[in-house]
Amino acid sequence: MHVIIGGCGRVGAEIADQLSGEGHDVVVLDLSQDAFDRIGSAFDGETLTGDITDKDALARAGIERADALAAVTDFDNANLMAVQIASELFDVRHTVARLFNPEREESYRKMGVRYVSGTRLVAKAILNELQAGSFPTHITFEEGDIEALDMRVERDGHGMTVAELERGGAIRVAAIRRGMRVRIPKLDDRLHMDDVVVAAVSERGYGRLRGVMAHPLAKRA
């Protein structure tokens, strides 16, 4: 996965180190060359001095082949602009912006911008957003055909109840994340677009997931 990180503060450096350690192709952009001193010595990616909102700088960072972009500068406007450029002009599939001003959350949601706000565990939350869909968390048990999966709700799943998804006994939903909130759902709770569903799925449950969840295993018949 080719990932561009805009901003090399504490959060940006932590994300860069983590993704590089996992073997991803990482490019970090920052206006200050000195900011790159925060990155660990084991970092195996590339650092570039430049503005995350500048298309030429993004081109140098490989935006045309990027799978994901995280905009984590100290400025909400720059972060918002960067993810809009990446998603709308370059069709980058996974983008996430760091948000400092909570009063702007509603406008971000209306624009469909994925964001992480607050100050606690920001780096981990952004990593989860970048990796959801392309590298979903899943656990395969050695015995049996059950897997525990993180799956993102797609259009055909919007409005479906948990009970409807679980019908047939091949799927059991443990939790739903909507935005930054995670909860244990009731059977009559309805799924919304882009909810992240944590569920145990058996081999025969994959057919029910096709078109409902964004997960590569859902393509199996």
Hz values of 3J(HN,Hα) by residue in the stretch 162-171 - Karplus curve (6.51, -1.76, 1.60), Gly and Pro given as x: 4, 4, 5, 5, 7, 3, x, x, 8, 9
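Report D for the stretch 143-182 in µm² per second (integer): Stokes-Einstein, Kirkwood Rh on Cα pairs, 20 °C, 1.002 mPa s. Intermediate values should be presented prior to the final figure.
Working: Rh = 11.9 Å.
Reported coefficient: 181 µm²/s.
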Extended-chain gain in nm, criterion 0.36 nm per residue less alpha-carbon gap, Asp188 and Glu166: 6.8 nm
Ellipsoid equivalent to the stretch 20-121 - semi-axes via the Cα gyration tensor, in Å: 22, 16, 13
Spatial extent of the stretch 1-52: Rg and Dmax, with the Cα atoms as the point set, Å: 9.5, 26
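Here, each number is a calculation from the coordinates, and none is a lab measurement. Just so we're clear, the structure is a prediction, and the values are computed from it rather than from any experiment.
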